[in-house]
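Peer 1: The structure under discussion is supplied below as structure tokens; questions concerning it will follow.
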Amino acid sequence: MSKAESRLKELGITLPDSPAPVANYIPVVRTGNLIYLSGVGPTAKADGSAYVGKLDSQLTVEEGYEAARLTAVNMIARLKGYLGDLDRVVQIVKVLSMVNADPDFTEPPAVTNGCSDLLVDVFGESGKHARSAIGVATLPGGMPIEIEMIVEISD
């Protein structure tokens, strides 16, 4: 078992199957030693309900944080599905987080911390990354967050 998978187990996280694309695109593109992950959102919570809504008027920062954390779990699942071995991750290079938010919401970074914190918990120093966290008017299906990621990998 890889170090990253051992860490996921310690955290009580079971990876779902890698999320399938929902339109005409591919979920991962590799160029050289970089892979680009298409946008991923949160799937159903443990109780089966979904995260839906805008930050501030419909969801709290804490709920957004949990949605971002779940999104990170889905991105790690996508990495595992593509790489087979999570120890091939050399560095999480860049995270772009789009937060479905009311126009006056100023805390997309606090929401995105749910993703960033988990990436560092799982990958350690290799999980530290450059990041942008922005608010947007809407996201597909009303999901509260969508995240893209660039990852350096080894062969």
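Peer 1: Please list, ordered by chain and number, the residues whose modelled amide H lies under 5 Å from the amide H of N33; skip anything fewer than 5 residues away on the same chain.
Peer 2: The list, which skips near neighbours in sequence, is empty: none.
Peer 1: I'd like the orientation of helix 108-123 relative to the chain: the angle between its Cα long axis and the longest Cα principal axis, in ° from 0 to 90, rounded to 10.
Peer 2: Between the helix axis and the principal axis of the chain, the angle is about 20 degrees.
Peer 1: Moving on. Mind checking the angle between helix 61-83 and the chain's longest principal axis? C-alpha axes, 0 to 90 degrees, to the nearest 10.
Peer 2: It is inclined by approximately 30 degrees.
Peer 1: Given the chain reduced to its alpha-carbon atoms as identical point scatterers, what log10 I(q)/I(0) does the Debye formula return at q = 0.08, 0.17, 0.21 Å⁻¹?
Peer 2: So the normalised log intensities work out to -0.20, -0.94, -1.40.
Peer 1: Which of A72, A20, A50 moves the most in a Gaussian network model of the chain with Cα springs under 10 Å?
Peer 2: Looking only at A72, A20, A50, the largest GNM fluctuation is found for A20.
Peer 1: If you don't mind, there's one more thing I want to ask. Rounded to the nearest 500, what is the 222 nm mean residue ellipticity of the chain from helices alone, with -39500 (n - 2.57) per DSSP H run of 4+ residues and division by all residues?
Peer 2: After summing the helix terms and dividing by residue count, I get -10000 deg cm²/dmol.
Peer 1: Over all pairs of distinct alpha carbons, what does the Kirkwood formula give as the hydrodynamic radius of region 107-155, in Å?
Peer 2: Averaging 1/r across every pair of different Cα atoms and inverting gives 12.3 Å.
Peer 1: Quick one: work out the % antiparallel among DSSP beta bridges in the chain, nearest 5.
Peer 2: In the chain, approximately 65 percent of DSSP beta bridges are antiparallel ones.
Peer 1: Within a Cβ distance under 13 Å of A110, other residues only, what is the Lys/Arg minus Asp/Glu net charge?
Peer 2: Once all neighbours under 13 Å are counted, the net charge is -4.
Peer 1: Defining a contact as two alpha carbons under 8 Å apart and six or more residues distant in sequence, what relative contact order in percent does region 6-142 show?
Peer 2: 27 percent
Peer 1: Largest first and in whole Å, give the semi-axes of region 1-87's equivalent ellipsoid, each being the square root of 5 times a Cα gyration tensor eigenvalue.
Peer 2: One finds semi-axes of 24, 18, 11 Å for region 1-87.
Peer 1: Which of these, I145, I13, I35, has the largest mean-square fluctuation under a Gaussian network model of the chain (Cα springs below 10 Å)?
Peer 2: I13
Peer 1: Sticking to Cα atoms, compute the Rg of region 74-126 to one decimal and its Dmax as the biggest Cα-Cα distance, whole number, in Å.
Peer 2: Rg and Dmax of region 74-126, Cα atoms, are 13.4, 42 Å.
Peer 1: Relative to the Cα centre, what is the charge dipole magnitude of the chain, using +1 at the beta carbon of each Lys and Arg, -1 at the beta carbon of each Asp and Glu, and rounding to the nearest 20 debye?
Peer 2: Dipole magnitude for the chain comes out near 420 debye.
Bear in mind that the values in this text are calculations on the coordinates, not laboratory data. Given the structure is predicted, the values throughout are model-derived calculations rather than measurements. In this analysis, Cβ positions are derived from the backbone assuming ideal geometry, glycine residues included, and neighbour counts consider all displayed protein chains.
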